[in-house]
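Everything on this sheet refers to the single structure shown next.
Values quoted throughout were computed directly from the atomic coordinates according to the rules given, and no laboratory measurement underlies them. Bear in mind that the values here come from a model prediction, so they are computed numbers and not experimental data. All Cβ positions, even for glycine, are placed from backbone atoms using ideal geometry, and neighbour counts span all protein chains on display.
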């Protein structure tokens, strides 16, 4: 290979983390174009030098002297190529090197400098997290100019005549940089402290240097000291020093960033000035607009959020299309151009449009969001809620957006676990719309157009919420049964959907689809969250014969048990009809169910203690209603009390039945007379007289015992869970 066209220069120190990645990325260029690689080690001790040895054409030591220019110039002094190409160890060249190859073949190049684009990543996840800012850097210099670096930090090349550098823009050549994306906070702090020390020294030498103030703010904007830098920078800017007009957009971007992060009162004044003075700058329309949008949102200023958010959205579209002054990025980095910040801004903008009653703009904004990159679950929730509100309050067709968003959030980017978390967040947010209480509340809102749940019918083949939406829109039992069969996992079906199907006459469990009792309990639990659903289903079952099918019997018993546990026995005594229906149905079911579970001998008084408490109570409850139906009110009371003795958790229910059963409230004249006669006899004896005990064992006493002793139960507790 002949004399080098590119002299690739690099300084490094302890870059074992990234050095080889950088050097490997340069190899395609070195294979395609005559190159030399010249490297200076400024004091490595971590093995970086050994890596450099494998790649460098020239490798030498340069003791660090707190001056980046000195180190870089030492590299340049050893180069022999036509053009110098500088790169750092924490950068790497992307695969597209066609522009650099074409550059090397040009016979006449109009300028002595060349600039490339740089993605500066902010987090260690790199492309997976999609957080970066963009800038352009002058990285190419014609060696014959003899120009060298100046500046101890953020060093640069200056034109010999002192004018600003004119550079050729290589629009399609990109470097990636992750030097500030540290997982190691100690290393990040060390770099911060080193750079701030050098910048303070630079400011001391030139206290009117706008660029140095900008650099100080960029590094310290999360620290309170940035307030002083921002105010001083604006003072210097107002004097209109040399190049104030070229550097002005970056000045405002830096000052506004400190203003937002440090809650400075000048924030919105500076933002408005940026628009007035530099309305076409990408720094104004993207970065300043983003900070102003965030501030307006924090202050619940929907109109302001829409103004700044729309400015940001339009500018970002132009930036992505390359419709901007590329030389602007030579003066600083655009902070808010990555998909990560775009999503955050668009979520706020969509909500602002919604609050301003501009639903079409909300829909347009949401359509521009790519859900597959979302990692903040609050964004998934916000977008889902906005789609729900748009559907509920307008006739806009949200279905295409919904299906696209669902597909996006389910893509395993950056991982399967992230996709799962997004999916669960979506389902939880959307699931609220299926509750009957939610539907009742939204139906009375002034802006109500249609039920929110119906939005999700477009997902019928993709998730259970889609199936649930179709179920709620269907009345025919045959079609409902088909929809339930299609559901992949009934556990994920909202209780309102299953309840709707059952109330329309669907047999359950579905024929030829048996299920274990645990799964039935899960489904009953989902139904029980729907107000009134259990009572309605139990009341509906009363009108039918108790099924012979064991699966259906177990299902109905599960409904009855859940109804017993959730019914408010204390508050509903004045209207006892519903509670009596539930109790009677429970007794009917237990009469059929218990013989299926136990041998006949187990359902006799001597062995009842072997049964679980609720089964024992079920036995007595069934016997009690049999007695009541036979006209034996006293037996009814006695059996309920015996049931309470073996299952104290049903106290509220027993009290309800004893005080709410109509047959106990109006006994016959014969029973009243018998009760009065027995009271008269008892009055002649002391309570502990043996004659009293004998009388209480008599058949006559048992018939009227509840009239003599009252209906209060002697134990405490609540319904067993």
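Stretched out fully, how many nm does the piece from residue 208 to residue 694 gain, at 0.36 nm a residue minus the Cα gap?
163.8 nm
Potential lengthening of the chain between residue 645 and residue 376 amounts to 91.4 nm, from the contour at 0.36 nm per residue minus the alpha-carbon distance.
Rounded to two decimal places and with Rh computed the Kirkwood way over Cα pairs, what is Rg over Rh for the stretch 367-418? Kindly include the intermediate steps, with their values, before the conclusion.
Details: Rg = 11.6 Å, Rh = 11.6 Å.
Rounded to two decimals, Rg over Rh is 1.00.
Compute the Cα gyration tensor for the stretch 1-122, then decide on rounded, prolate or oblate, letting a ≥ b ≥ c be the square roots of its eigenvalues: rounded whenever a/c is under 1.5, prolate when a/b is larger than b/c in the other cases, and oblate in all that remain. Prolate, since a/c reaches 1.5 and a/b exceeds b/c.
The angle separating the long axis of helix 19-32 from the principal Cα axis of greatest extent in the chain is about 60 degrees. With the highest mean first, a sort of the peptides 211-223, 186-198 on other beta-carbon atoms found within 10 angstrom per residue produces 211-223, 186-198. When shorter helices are ignored and each DSSP H run of at least 4 residues is given -39500 (n - 2.57), the per-residue value for the chain at 222 nm works out to -17000 deg cm²/dmol. Compute the Cα gyration tensor for the stretch 240-355, then decide on rounded, prolate or oblate, letting a ≥ b ≥ c be the square roots of its eigenvalues: rounded whenever a/c is under 1.5, prolate when a/b is larger than b/c in the other cases, and oblate in all that remain. Note, shape of the stretch 240-355 comes out oblate. Between helix 339-355 and the chain there is an angle of about 60 degrees, using the helix long axis and the longest principal axis of the Cα atoms. Could you tell me whether the stretch 414-550 comes out rounded, prolate or oblate from its Cα gyration tensor? Rule is a ≥ b ≥ c as square roots of the eigenvalues, rounded for a/c under 1.5, then prolate if a/b exceeds b/c, otherwise oblate. Since a/c reaches 1.5 but b/c is at least a/b, the shape of the stretch 414-550 is classed as oblate.
Counting only Cα atoms, the stretch 540-680 measures 53, 36, 27 Å along its principal axes, largest extent leading. Only residues of the stretch 483-498 count here: report those whose backbone N is under 17 Å from the spot 7 Å along Cα→Cβ of residue 454, or say none. Residues 497 fall inside that zone. Inter-label distance, residue 659 to residue 244: 8.5 nm, where each label sits 7 Å from its Cα along the C-beta direction. In angstrom, the C-alpha Rg and Dmax of the stretch 322-468 are 17.0, 59. Sorting the Cα pairs of the stretch 622-668 by distance into bins of 5 Å, from 0 upward, gives 5, 25, 33, 24, 10, 3, 0 percent per bin.
Subtracting the Cα-Cα distance from 0.36 nm times the residue separation, let me have the gained length for residue 360 to residue 190 in nm, one decimal. Net length gain for the segment: 56.3 nm. In this simple spin-label model, placing a label point 7 Å from the Cα along the Cα-to-Cβ direction at both residue 50 and residue 598 gives a separation of 7.8 nm. When peptides 676-688, 331-343, 654-666 are sorted by average Cβ neighbour count within 10 Å, with the highest value leading, the order is 331-343, 654-666, 676-688.
Packing, as the average of other Cβ atoms within 10 Å across residues, places the peptides 547-556, 412-421, 136-145, 460-469 in the order 460-469, 136-145, 547-556, 412-421, highest first.
Based on the Cβ-Cβ distance of residue 607 and residue 444, what FRET efficiency does E = 1/(1 + (r/R0)^6) give at R0 = 51 Å, to the nearest 0.05?
Efficiency, rounded to the nearest 0.05: 0.35.
Could you tell me which label, among (i) 1.49; (ii) 0.95; (iii) 1.05, carries the value of Cα Rg over 2.2 N^0.38 Å calculated for this structure? So the structure-derived entry is (i). A Förster radius of 51 Å, combined with the Cβ-Cβ distance separating residue 223 from residue 395, puts the computed FRET efficiency at roughly 0.50.
Extent of the stretch 133-239 along its three principal axes (Cα atoms, max minus min coordinate, largest first): 44, 40, 23 Å. Taking the Cβ-Cβ separation of residue 303 and residue 101 as r and a Förster radius of 45 Å, what is the calculated FRET efficiency to the nearest 0.05? Computed FRET efficiency for residue 303 and residue 101 comes out at 0.30. The angle between the Cα long axis of helix 267-277 and the main principal axis of the chain comes to about 50°, on a 0 to 90 degree scale. Put a dot 7 Å past the Cα of residue 200, heading toward its Cβ, do the same for residue 108, and the two dots end up 5.3 nm apart.
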